[in-house]
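Written below as structure tokens is the structure these notes are about.
Readers should treat all values here as calculations from the given coordinates under stated rules, not as data from a laboratory. Just so it is clear, the model here is predicted, and its values are computed rather than measured. FYI the Cβ positions are ideal-geometry reconstructions off the backbone, even for glycines, and counts take in every protein chain you see.
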Amino acid sequence: MNIRVEPQGFDVGAEYNLLRERSENSGAIVLFTGLVRDFNADGAIDGIILEHYPAMTQKTLQTIVQRALSKWQLDAVTIIHRVGKLLNHDQIVLVGVSARHREAAFDGASFIMDFLKTEAPFWKKEVTPQGDAQWVDAKVSDQRARERW
């Protein structure tokens, strides 16, 4: 299990290679990378500011991974989540999962991402082109995605 919460960006290729090194017996590796969108329901935004409580965040992410491991035979898991000020189109999150079979890898990655979006203690503020910022509430669609598990 490799879980990191940090302000700096990450290299997807390097993270894939690290995950592959930890996945000697795997037949599948799934990577998801989320990006900062340049819009919301009200229009354009100019980035986001992400805050978190480190100890709580780390514990929650570990719990989510443990739950995934109890549901699927996963060989390795990587979660990287950025915090701080992020610009439009910056990488914000990476979830990587390896397993012997593709279905477990896909399901494990989706499960982790769905629970990360709804349970991990990240607080997001969207910045408008005018420089205003407002806190963002959890989306109903994210809650529904989680409920399928």
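Out of residues 5 or more away from Ala76 or on other chains, whose amide H comes under 5 Å of its own, with H placed 1.01 Å from N in the peptide plane?
Ser98
Computed from these coordinates, which is log10 I(q)/I(0) by the Debye sum over Cα atoms at q = 0.09, 0.18, 0.20 Å⁻¹: (1) -0.29, -1.07, -1.26; (2) -0.35, -1.25, -1.40; (3) -0.37, -1.06, -1.15?
Computed from these coordinates, log10 I(q)/I(0) by the Debye sum over Cα atoms at q = 0.09, 0.18, 0.20 Å⁻¹ corresponds to label (1).
Any chance you could give the angle, 0 to 90 degrees and rounded to 10, that helix 54-71 forms with the longest Cα principal axis of the chain?
Relative to the chain, helix 54-71 is tipped by roughly 40 degrees.
Sort out for me the Cα centre separation of segment 86-141 from segment 21-49, rounded to whole Å.
7
Starting from the Cα-Cα distance between Trp123 and Gln66, subtract it from 0.36 nm times their residue separation and give me the gain in nm to one decimal.
18.2 nm
How far apart, in nm, are two points set 7 Å out from the Cα along the Cα-to-Cβ line at Trp149 and at Tyr16?
Each label point lies 7 Å from its Cα, and together they span 2.4 nm.
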